[in-house]
Amino acid sequence: MPEPQNDKVTTAIKWSTFTELGAKLIAPIVSMVLARLLAPEAFGVVSSLSIIISFSEIITDAGFQKFMIQHEFGNDEDLFKSAHVAFWSNFICGWIVWLVIALFRDILSAWIGSPGLGCALMVAALAIPMTSFYSIPVALLKRSLDFKQLFKIRMVGLSVPLLVTLPLAFLLRNYWALVIGTLAYHVVTAITLILHSQWRPSFYFSWERLREMFSFSMWSVFESLSIWLTGYVDLFIVATALDQSYLGLYKTSTMVVGQIMGVVTSITTPVLFSALSRLQRNRVEFQKLFFHFQKVVALFVMPMGVFLYGYHDWVTWLFLGEQWMSASMFLGLWGLSSAVMIVFAHYASELYRSLGKPRLSALAQWMHIVFLWPVVWWAVREGFETLCVARTFVRLQAILVNLFLVWYVVKISPCRMIKNVLVILGASLVLLAGVLLFQQTHPTFWMETISIPMFALFFVGLLMFSPRERVLLSELMRCLVQRLRS
C-alpha cells in the first residue's frame with residue numbers, strides 16, 4: 001500500500017534533518033580549521049573561480065533537475081525515458097562547457113579579477129561535468145522523497161573535507177587545497193550515488209523529448225540565471241574592484257551565515273519544493289503546507305538571525321578566527337537580514353516553482369537586480385564597510401517584491417504571511433533588545449558563551465505565552481522524540 005503523502009513528507013523531513021545535521025556538524029568544524037590555516041586571499045581566489053563554475057553549471061543543467069522533480073509523468077517508463085535524455089544532455093554539455101573553459105582559461109580568469117589563475121580555473125571547472133553526472137539521480141531521489149538514500153550518500157561525501165581538504169590545507173597552505181578538496185567531494189559523491197541508486201542511465205535519447213523538456217524548463221533556466229546574477233553580481237564587482245583579500249572576507253562571511261542558516265533551510269527547502277509540487281492542484285492543502293513550513297522555519301531562523309547579529313564578534317572569532325574580525329559586523333548584519341529574507345522571500349520562490357511558474361521567481365530576481373547592481377557598484381567605491389551595509393539593506397527591496405508577487409499572482413496575502421509569524425517576530429524583537437542590552441556590559445567571550453543558551457530559553461519562554469506557539473513547540477518536541485525512537 002503506498003505511503004500517504006503526509007507520512008512521506010514527515011519521513012523525508014526526518015532524513016533530510018539527519019543529513020543536514022550531519023553536514024552542519026562537520027562543515028563548521030572544517031571551516032573553523034581552514035579559516036585558521038588559509039588566508040582570506042585563498043578563499044577569495046576560490047570565490048572568484050566560482051563565478052564561472054556556478055554559471056556553467058546552470059547552463060549544463062538546463063533546468064532538467066527541477067523538471068524531473070516537478071513534472072507529472074504518465075507512468076514510470078515515461079519518467080525514466082526523460083531521465084535518460086536529461087542525463088546524457090547534461091553530461092555531454094558538461095564536458096563541452098569544460099572544454100570551452102579550458103581553451104579560454106586565461107581570458108576568463110582575468111575577466112573575473114584573477115589574472116594568472118587560468119590553470120586553477122581549468123582544474124576547478126572539472127566539477128562541472130562531475131556535477132552533471134549525478135544531478136539527475138539526485139533529482140529522482142528527491143522526487144520520490146527518498147531522503148534516506150540521500151542521507152547515506154551525503155554522509156559519505158562529508159568525509160572528504162576531513163580526509164582530503166584539511167590534510168591538503170596543512171601541507172599546501174593555499175587555494176589548491178580547496179580546489180582539490182571540492183573535486184574529491186564530487187568524485188566520491190558520484191561514485192556513491194551510482195552504487196546506491198536504483199536508477200541507471202541507458203543509451204536512450206530522443207530529440208523530440210529533449211525539445212519538450214526544454215520548453216518546460218526554459219523558464220527554470222532563466223530563473224536560475226537571474227538567481228545567479230543576484231548571488232554573483234556583487235562577487236564579480238568586488239573581485240574586479242577590490243583585492244582577493246576583501247573578496248575572501250566578503251564571501252566567507254556570507255558562507256558562514258549560510259552554513260548556520262542552512263541547518264534549517266537545507267532541511268526544509270528540498271522537501272517543501274517536492275511536497276508542494278505534488279499538491280499544486282489542491283490549493284487548500286497547498287497553502288496549509290506552505291504556512292506550516294513558514295511558521296516552523298521562522299521559529300528557528302528568527303532567533304538565529306538575532307544571535308548572529310548580537311553576537312557577531314563571538315561568532316566570527318569562533319568560526320573564522322582573529323584574522324577575519326574586520327568582517328564581523330557584516331556577518332552580523334547578513335545574518336539578521338537573512339532571517340527576514342528566508343521567512344518572507346526565500347520560500348516564495350518555492351511557491352512559484354512548485355506551481356510551474358518559475359518566471360515569477362525570475363521576474364522577482366530581475367526586479368531586485370536593477371536595484372542591486374547600481375547600489376553595489378557605488379558602495380564598493382566608497383569602501384568595504386559601506387559595501388557591507390549597503391549590500392545588506394538592499395535585500396529589503398527583494399522582500400517587498402516577493403510579498404507583492406505572492407499576493408498578486410499566488411493569491412496569498414502578505415498580511416496573512418506576517419500574521420502567521422507575528423508572535424515569533426515579536427518574541428524575536430524582544431530577544432534582540434535583551435541581547436543588545438547585554439552587549440552594553442562588554443561581556444567576555446565566556447560570558448557570551450554562557451548567555452546564549454540562557455537567551456534561547458528566554459525566547460522559548462516568551463513563545464509559551466501564546467497558546468498556538470505553545471502547541472507548535474509541543475508538537476515539534478513530540479515529533480522529534482517519536483522520529484528519533486523510530
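Does at least one position in the range 379-391 carry a residue that is closer than 28 Å to Ile69 by Cβ, surrounded by 14 or more Cβ atoms within 10 Å (Cβ to Cβ) and in contact with a helix residue (DSSP H, G or I) (Cβ under 9 Å, 6 or more places away or on another chain)? No, because not a single residue in the range 379-391 is closer than 28 Å to Ile69 by Cβ, surrounded by 14 or more Cβ atoms within 10 Å (Cβ to Cβ) and in contact with a helix residue (DSSP H, G or I) (Cβ under 9 Å, 6 or more places away or on another chain).
A quick yes/no check of all residues on (1) farther than 21 Å from Ala298 by Cα; (2) modelled with pLDDT under 85:
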position	(1), (2)
Tyr347	no, yes
Ile369	yes, no
Val376	yes, no
Val389	yes, no
Phe404	no, no
Met417	no, no
Val430	no, no
Pro443	yes, no
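Looking across Ile424, Ile418, one residue alone is surrounded by 14 or more Cβ atoms within 10 Å (Cβ to Cβ) and among the β-branched types (Val, Ile, Thr). It is Ile424.
Considering only residues that are open to solvent by 70 Å² or more (accessible area, probe 1.4 Å), part of a loop (DSSP other than H, G, I, E, B) and modelled with pLDDT of 80 or more, which ones fall in the range 445-486? Those that are open to solvent by 70 Å² or more (accessible area, probe 1.4 Å), part of a loop (DSSP other than H, G, I, E, B) and modelled with pLDDT of 80 or more: Met464, Phe465. Can you tell me which residues in the range 169-191 are part of a helix (DSSP H, G or I) and farther than 16 Å from Ala127 by Cβ? Those that are part of a helix (DSSP H, G or I) and farther than 16 Å from Ala127 by Cβ: Ala169, Phe170, Leu171, Leu172. Residues that are among the acidic types (Asp, Glu) and open to solvent by less than 40 Å² (accessible area, probe 1.4 Å) were ranked within the range 213-256; the one that is modelled with the highest pLDDT is Asp234. At least 1 residues being of a type in the set (Phe, Trp, Tyr) and touching a residue at least 40 places away in the same chain (Cβ under 8 Å) is the threshold, and among the helices (runs of 4 or more DSSP H) wholly inside the range 327-407 those reaching it are 328-341, 347-354, 358-382, 384-393. Going by the conditions given, is Ile128 under 29 Å from Met68 (Cβ atoms), assigned to a helix (DSSP H, G or I) and in contact (Cβ under 8 Å) with a residue 24 or more places away in the chain? Criteria met by Ile128.
The values are calculated or read from the model by the stated rules, or taken from the named source; none is laboratory data. Keep in mind that this is a model prediction, so the values were computed, not measured. Ideal geometry is used to build each Cβ from the backbone, glycine not excepted, and the neighbour counts take in all protein chains shown. To get the accessible areas, we keep the full protein, side chains included, count just its heavy atoms, and leave off ligands, DNA and RNA. Shrake-Rupley method; radii C 1.70, N 1.55, O 1.52, S 1.80 Å.
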